[in-house]
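Enquirer: Pasting in a structure now, in C-alpha cells, and then I'll have a few things to ask.
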Amino acid sequence: MTASNTSPLHRSVCDRSARITIWGAGFIGLSAATAFAQEGFHCAIVDVDASRVRCINAGTVPLPGFEDRVQLDPQTLRDGRLRAVSPDDKDALDAQIHLICVNTDRDGKAFQDPLQAVLKAIGSAHRADRELLVSIESTVSVRWLDLVLPLLTGATGVVGTGIHLATAPRRDWLLDPEMNLRSLPRVVGTLSPASQPLVTELYGTVSDVVHMAGDWTRAALSKSVENLYRYVDLVLTNQLAAAYPDLDMAEVFRLAGTKWNVPSLHPSIGIGGYCIPLSPHYAGDGLLGEGQLPLVDSALDWDAAHPSRVAEWLTNKFDGPIGILGISYAPDVHVPQGSPTLALAAALSAHGADVRLHDPFLSTEEVIARGEGARALSWPEDLAAVRTLVIATPHTVYADLPDHLSALADPPTVIDSLGKLREAFAGTKVRYVEIGTPALWAEHNPVLGNGSSVSDGTR
Ligand SMILES: NC(=O)c1ccc[n+]([C@@H]2O[C@H](COP(=O)([O-])OP(=O)(O)OC[C@H]3O[C@@H](n4cnc5c(N)ncnc54)[C@H](O)[C@@H]3O)[C@@H](O)[C@H]2O)c1
C-alpha cells in the first residue's frame, strides 16, 4: 500500500505523529506504552489508580518485581512522549488510537466492567468526523466483543464507518526477559478487513512478527485457546501424579518431555496466575456446563478440588504447623491474584491446620489480609517454628533455604511444589519431598535411609 492511498490515521502511524492512549498501567499497559514511546509516538497511559499514575510520572515502575521487566526511559518522560494521566484527561481522550490494557479478571473470575467503562469513555469523546482505532489487548471472551461497538457508539449515536476495531492479545513470559513484546510473535485481528493495513503498521512498530488473523474474534480466541491447552495439560499432569503415588512421576514427565512435540510439565500444589486458570472461562464463556466442552468441564471440576486434595494429603502425612513459602504464582514478582498458595492455605485452614505464609513481595499486612486465616511467617526467623514447609514459589531469596534449614537442630520437612530446589537440598540432612515423587528425600539423604517412617505415602 502506498502512502497516497492510506488513510490520514495510517499516515500518522507511519510518520509517528499519531498520539496513542493506553488504558491501564499494569504490566501489559506499561510495557505497551513504553514500547510505543520508544518508537517515537506520544503516549498517554491512563489509570484509575492515582498512585500508579504518580509513580510513573516520577519515573518509577509501580509494579513490584517488574522493575527490570519494563524499561521506563526517563527521556520519554522528560520530553513528554510518555505521561501518565487520570481517565478524565482531555488530551488522552482526544487521541485517535486507544489501546485497552485494563484488567479483565477479579477475584479469580472473568470480569468485564473495566473494559466497558473504558469503551464508554472513549465513545463519549469520539468525534464522527475523525478516524478512531480501538484495540483490545486485554484478554477477553469473544462474546464480549459483541458489546464493543454499541458501547463505543452508544454515547454519541455515531455509527462507526471510521472506527477501526482490533484485538491484539498479549503473550508474555515473566520468567524470561528475552521473551517480550518485541520478540514474541504477535497475533492481531480486526473487525473489518479495511483496518488490517493500519493495525499491521501499528503493531509492526513494536513487534518483529505480526500475524494478522482472519478477523478479530479469531485473534481474541487464539489467546484463550493457547492457555487452555496448557491448563488441560497441567490438570492432567496433576491427575497422573495423583494416580501413580508410588512412582517418581516428575521423572516420567521429564522423560515424556524429551519427545519433540510434548512439553515437559511438573505436577504442583495448584495451577496459578490469572491467565491459565482463567482461560477456560474466556474460551468457554457461554459453553461451560453445556456439554460442548466436556473435557474442560471435567478439568475444572477436578482442579477445583485440588487444594483440598493437597491439604488432606499434607495434614494426614505431615506435622503442623505448616509454612508455605511464596504467594505470587511466579517467582520474583508481586502477583497475588490467582495464587495457588492462598487456595491451599484456605483448604488447610478448613482442615484445621495451623498455617503460616511468607512472600518477599508482600508485606506482613498484605499476607495477613489475603492469607485466608493463615498467619504471617517471618523469614527466616520463623523457619524453626514450622514442622512442614511447602515451597510454593521458588523466589530467588529462597535459594538460601537449604543453608537456613541445615543450621536448625530439627528442621521441618520440605515439600517442594515444582522440584526447583531438588539439587540444592541433595546431601543435606533436611527431609525433602518433591511433589510428584515418592519421598525423594530418602534417596537424597542417605543419613536418613530408605526405611524412614515418612517414606510411606508421601505421594
Ligand atoms: N500480566 C501478564 O503477564 C498478562 C499477559 C497476557 C495478558 N494479560 C492480560 O492483560 C490485561 C492486563 O493485565 P495486567 O497484568 O496489566 O493487569 P493489571 O491488573 O496489573 O493492570 C490493569 C490496570 O488497569 C487499571 N484500570 C482498571 N479500570 C480502569 C479504567 N476504567 N480506566 C483506566 N484504568 C483502569 C487498573 O487500575 C490497573 O492498574 C488483562 O486482561 C490480562 O489478563 C496479562
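Enquirer: Quick check, is TYR274 in the same structural domain as GLY352 (by TED's automatic domain parsing), outside any loop (DSSP other than H, G, I, E, B) and either touching a strand residue (DSSP E or B) at 6+ places or on another chain (Cβ under 6 Å) or surrounded by 14 or more Cβ atoms within 10 Å (Cβ to Cβ) (or both)?
Expert: Numbers: in the same structural domain as GLY352 (by TED's automatic domain parsing): yes; outside any loop (DSSP other than H, G, I, E, B): no; either touching a strand residue (DSSP E or B) at 6+ places or on another chain (Cβ under 6 Å) or surrounded by 14 or more Cβ atoms within 10 Å (Cβ to Cβ) (or both): yes.
Considered against the rule, which asks whether it is in the same structural domain as GLY352 (by TED's automatic domain parsing), outside any loop (DSSP other than H, G, I, E, B) and either touching a strand residue (DSSP E or B) at 6+ places or on another chain (Cβ under 6 Å) or surrounded by 14 or more Cβ atoms within 10 Å (Cβ to Cβ) (or both), TYR274 comes out as no.
Enquirer: Another question, then. Show me the helices (runs of 4 or more DSSP H) found entirely inside segment 357-427 where at least 3 residues are closer than 25 Å to HIS266 by Cβ and assigned by TED's automatic domain parsing to the domain that holds VAL310.
Expert: Correct list: 401-406, 422-425.
Enquirer: Determine, yes or no, whether PHE36 is surrounded by 15 or more Cβ atoms within 10 Å (Cβ to Cβ) and away from the ligand (no atom under 16 Å from the Cβ).
Expert: No: the conditions fail for PHE36.
Enquirer: Inspect segment 338-346 for any residue being assigned to a loop (DSSP other than H, G, I, E, B) and not assigned by TED's automatic domain parsing to the domain that holds GLY65 and give the result as yes or no.
Expert: Yes, the conditions are met somewhere in segment 338-346.
Enquirer: Could you list, in sequence order, the residues of segment 306-339 that are within 18 Å of SER279 (Cα to Cα) and at pLDDT 95 or above?
Expert: HIS306
Enquirer: Could you please find all residues in segment 420-437 being closer than 21 Å to LEU234 by Cβ and either over 29 Å from the mean Cα position of the chain (by Cα) or buried (at least 23 other Cβ atoms within 10 Å of the Cβ) (or both)? Walk me through how you get there before you give the answer.
Expert: Filtering segment 420-437 down to residues closer than 21 Å to LEU234 by Cβ leaves 420-422, 433-437.
The answer is VAL433, GLU434, ILE435, GLY436, THR437.
Enquirer: Inspect segment 285-307 for any residue being touching a helix residue (DSSP H, G or I) at 6+ places or on another chain (Cβ under 6 Å) and within 16 Å of the ligand (Cβ to nearest atom) and give the result as yes or no.
Expert: Checked segment 285-307: at least one residue is touching a helix residue (DSSP H, G or I) at 6+ places or on another chain (Cβ under 6 Å) and within 16 Å of the ligand (Cβ to nearest atom).
Enquirer: Have a look at GLY373, GLY457, GLY436, GLY449 and point out the one that is modelled with pLDDT under 95 and touching an Asp or Glu at 6+ places or on another chain (Cβ under 8 Å).
Expert: GLY436
Enquirer: Moving on. Any residue in segment 173-180 that is within 21 Å of SER7 (Cα to Cα), within 15 Å of the ligand (Cβ to nearest atom) and of a type outside the set (S, T, N, Q)?
Expert: No, because not a single residue in segment 173-180 is within 21 Å of SER7 (Cα to Cα), within 15 Å of the ligand (Cβ to nearest atom) and of a type outside the set (S, T, N, Q).
Enquirer: Specify which of the listed residues (VAL102, VAL142) is more than 17 Å from GLY24 (Cβ to Cβ), crowded, with 18+ Cβ neighbours inside 10 Å and β-branched (Val, Ile, Thr). Step through it out loud before you land on a result.
Expert: On the way: VAL102 fails: more than 17 Å from GLY24 (Cβ to Cβ).
Only one candidate passes the filter, namely VAL142.
Enquirer: May I pose another question? Give segment 133-153 a look and list any residue that's within 19 Å of ASP94 (Cβ to Cβ) and either away from the ligand (no atom under 15 Å from the Cβ) or at pLDDT 95 or above (or both), or say none. Break it down into steps so the answer makes sense when it comes.
Expert: First, the residues of segment 133-153 that are within 19 Å of ASP94 (Cβ to Cβ): 133-135, 151-153.
Answer for segment 133-153, where residues must be within 19 Å of ASP94 (Cβ to Cβ) and either away from the ligand (no atom under 15 Å from the Cβ) or at pLDDT 95 or above (or both): LEU133, VAL134, SER135, THR153.
Enquirer: Would you point out the residue of segment 44-72, among those that are in contact (Cβ under 8 Å) with a residue 60 or more places away in the chain and more than 10 Å from the ligand (Cβ to nearest atom), that is farthest from PRO331 (Cα to Cα)?
Expert: Only one residue tops the list, namely ASP68.
Enquirer: Sticking with this structure for a sec: Among (1) free of Cβ contacts under 8 Å to residues at least 12 places away in the same chain; (2) surrounded by 14 or more Cβ atoms within 10 Å (Cβ to Cβ); (3) within 21 Å of GLY373 (Cα to Cα); (4) not polar (S, T, N, Q), which single condition is ALA304 missing?
Expert: All conditions pass for ALA304, except number (2).
Enquirer: Scan segment 13-32 for residues that are in a loop (DSSP other than H, G, I, E, B) and either within 7 Å of the ligand (Cβ to nearest atom) or not assigned by TED's automatic domain parsing to the domain that holds GLU178 (or both) and report the count.
Expert: Matching residues across segment 13-32 total 3.
The values are calculated or read from the model by the stated rules, or taken from the named source; none is laboratory data. Just so it is clear, the structure is predicted and the values come from calculations on it, not from any experiment. Note: ideal-geometry Cβ built from the backbone for every residue, glycine included; neighbour counts use all protein chains shown.
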